Amino acid sequence: MGQGPPPFLELQGVSKRYPNGTLALTDISLAVGEGEFLALVGASGCGKSTILRHIAGLVAPSAGHIQWSRPPAAGAIGMVFQEPTLMPWASIQDNVRLPLDLAKVRRAEADARVTALLAQVGLADFARAYPRELSGGMKMRAAIARALVTRPRLLLMDEPFAALDEITRQKLNDDLLALWRDQRFTALFVTHSVYEGVYLAGRAIVMAPRPGRIHADIPLDLPHPRDEALRTDARYADACRRVSLALADAMGVHATGGGA
Amino acid sequence: MSAPRRLAPFILGAVVLAAWEGLVRLLAIPAFVLPPPSAVVAALLADPETLGLSLWFTLTVTLQAFALAVTGGVALAILFTRSPLLASALYPYAVILQVTPVMAIAPIVLVWVGYERVDLAQLILAWIVAFFPILGNTTLGLRSTDAGLRDLFRLYGASKWQVLWRLELPSALPYLLAGMKISGGLALIGTVVAEFVAGSGTGQGLAWRIVDASNRLNTPRMFAALSLLSLLGIAIFALLSLVQRLVLRRWHDSEAGHL
């Protein structure tokens, strides 16, 4: 496995056991380089989201710890959830400005940033619209804009496009990669789609379920910028095959009873 | 809403009033049993100052009780969601206050505040009736805050005040407004019941006019005061419905259909 960029974030033997006794994660060790785009791939219930929630500081590990190259300040981590999670009572621009409002950023500066970001995600004409007036894909764009408005060093995405149709999803994948190339944040993208994970990431972490653990760490040396042509490229097909095999193996290990 | 549907209640009302007037005249029912609508209107016009002052008095007590119910109910709901211990301790007593008929509490409240302060007793009794829907609905609303949004606010290190002001209260707003619609009507009922039980103080409300007219067997005047009470209740409900619609129409499914 290539160790190109310096470690930006490192999970060291992280385990999580819930009060009801469920072991959600066991011995997760994972180093993430600055500016990397990582895909966490696995079936439902293998702890992908739980890993993100640990990194976001929303959950504390039962064992192990999380090491940062520099401790993240407020706003240094952006997060996009499975649902758009917008405030229904606020306009799109007010939703996107929320992290800046919470950090008490000056209104003029905040508005300028929001306007620029809404233009970047293609929502410039919908700044004053309310979430219920937007399509699922547009709501997700707003959620991404909100996650990026603080110029985070790390963007966590928890199956953000799972509920969208294939065409919208591919468009959002391309737009997300463009934002990543432009802003050079580190990205952790949780997905249950091998194809999506391989298309986006530089490295795929394949997870095995019950308890959630890392099964394989697969570097994906596909060229950038990535576009539609890549989807029919033999190297893309090969990378998908490798990740799919690892995923099948991860599930198979569980099926033959070789758990923790 | 289409024009026929909008007009339907008014047409029905006109038909019922006309039938009422016609039947009373046709059957020669005495006015002290059932006055025709024309006699009720005549009674209203005969003494607009007294009835108007009584309307104003009832309205004042109702609005005061309503305002206290909203501020007190919201404040206590916030305390309840901040302190589960306090909520567990106080909630049963709030329920007891709610389920005990206000008629039964009235004499006690009157004794406590003193017969020379009937106005205050009325205000307290109306408040007791109007308070619970605000408390119950707002508590439910505050607790229904989206878990994902809570995570988001935590991620950005929001203060407790920011969470309350920017997340929990807006989340609770549709519930609060629904509670206010119930509470507005109850405040009026509470005011009337309190006046029936406690009697009138320095001012004399519409309930007192009804009791007074009843003692004199002046049924048209009873109906006149009664119709003013109904109009007041309708006005409160319509105003709160309008507020609900204006506040929620852009974002909440319950009102968005009215766009």
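The values are calculated or read from the model by the stated rules, or taken from the named source; none is laboratory data. The shown structure was predicted, so the numbers you read here are calculated from the model rather than taken from an experiment. Note that we place each Cβ from the backbone using ideal geometry, even for glycine, and neighbour counts take in every protein chain shown.
A few notes on this one:
- Restricting attention to the range A:125-142, the residues being of a type in the set (Gly, Ala, Ser), at pLDDT below 95 and in a helix (DSSP H, G or I) number 2.
- The one condition from (1) in contact with an Asp or Glu (Cβ under 9 Å, 6 or more places away or on another chain); (2) farther than 30 Å from A:Thr150 by Cα that B:Leu142 does not meet is (2).
- Subset of the range B:61-81 [in contact (Cβ under 8 Å) with a residue 12 or more places away in the chain and either out of contact with any Ser or Thr (no Cβ under 9 Å at 6 or more places or on another chain) or not hydrophobic (A, V, I, L, M, F, W, C) (or both)]: B:Thr62, B:Leu63, B:Gln64, B:Leu68, B:Gly72, B:Gly73, B:Thr81
- Restricting attention to the range A:143-178, the residues that are of a type in the set (Ser, Thr, Tyr) and closer than 17 Å to A:Gly35 by Cα add up to 1.
- Complete set of residues in the range A:174-187 that are in contact with a Leu (Cβ under 6 Å, 6 or more places away or on another chain) and under 18 Å from A:Val41 (Cβ atoms): A:Thr186, A:Ala187
- Flag if A:Pro152 is under 19 Å from A:Val41 (Cβ atoms), part of a loop (DSSP other than H, G, I, E, B) and in contact with a strand residue (DSSP E or B) (Cβ under 6 Å, 6 or more places away or on another chain): no
- Within the range A:97-131, the set of residues being under 24 Å from the mean Cα position of the chain (by Cα), within 20 Å of A:Leu172 (Cβ to Cβ) and within 14 Å of chain B (Cβ to nearest Cβ) comprises A:Pro131 only.
- Only one of A:Leu222, A:Leu247, A:Leu230 that is assigned to a helix (DSSP H, G or I) and free of Cβ contacts under 8 Å to residues at least 60 places away in the same chain: A:Leu230
- A:Ser49 satisfies every condition listed in (1) without any contact (Cβ under 8 Å) to a residue 60 or more places away in the chain; (2) within 12 Å of chain B (Cβ to nearest Cβ); (3) closer than 23 Å to A:Asp217 by Cα except (1).
Here is a yes/no grid of residues against (1) surrounded by fewer than 16 Cβ atoms within 10 Å (Cβ to Cβ); (2) over 23 Å from A:Phe161 (Cα atoms); (3) within 8 Å of chain B (Cβ to nearest Cβ):
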residue: A:Pro61; (1), (2), (3): no, yes, no
residue: A:His65; (1), (2), (3): yes, yes, no
residue: A:Ala73; (1), (2), (3): yes, yes, no
residue: A:Val80; (1), (2), (3): no, no, no
residue: A:Glu83; (1), (2), (3): no, no, yes
residue: A:Leu86; (1), (2), (3): no, no, no
residue: A:Asn95; (1), (2), (3): no, no, no
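- Subset of the range B:160-182 (residues that are within 13 Å of chain A (Cβ to nearest Cβ), among the hydrophobic types (A, V, I, L, M, F, W, C) and over 19 Å from A:Ala103 (Cα atoms)): B:Leu169, B:Ala172, B:Leu173, B:Leu176, B:Leu177
- Residue match in the range A:84-101 (condition: more than 24 Å from B:Ala172 (Cβ to Cβ) and part of a loop (DSSP other than H, G, I, E, B)): no
- Within the range A:152-184, the set of residues being charged (D, E, K, R) and either within 12 Å of the chain's Cα centre (by Cα) or within 18 Å of A:Ile55 (Cβ to Cβ) (or both) comprises A:Arg153, A:Asp158, A:Glu159.
- Any hit, the range A:79-90, residues being of a type in the set (Val, Ile, Thr) and more than 13 Å from the chain's Cα centre (by Cα): yes
- Matching residues in the range B:179-199 - criterion: being assigned to a helix (DSSP H, G or I), more than 12 Å from the chain's Cα centre (by Cα) and either of a type in the set (Gly, Ala, Ser) or crowded, with 23+ Cβ neighbours inside 10 Å (or both): B:Ala194, B:Glu195, B:Ala198
- In the range A:145-185, the residues that are on the phi > 0 side of the Ramachandran plot and in contact with a His (Cβ under 8 Å, 6 or more places away or on another chain): A:Glu159
- When A:Ala43 is tested against (1) outside the structural domain of A:Thr186 (by TED's automatic domain parsing); (2) assigned to a loop (DSSP other than H, G, I, E, B), just one condition goes unmet, and that condition is (1).
- Residue match in the range B:131-141 (condition: under 23 Å from B:Glu255 (Cβ atoms) and either within 14 Å of another protein chain (Cβ to nearest Cβ) or without any contact (Cβ under 8 Å) to a residue 12 or more places away in the chain (or both)): yes
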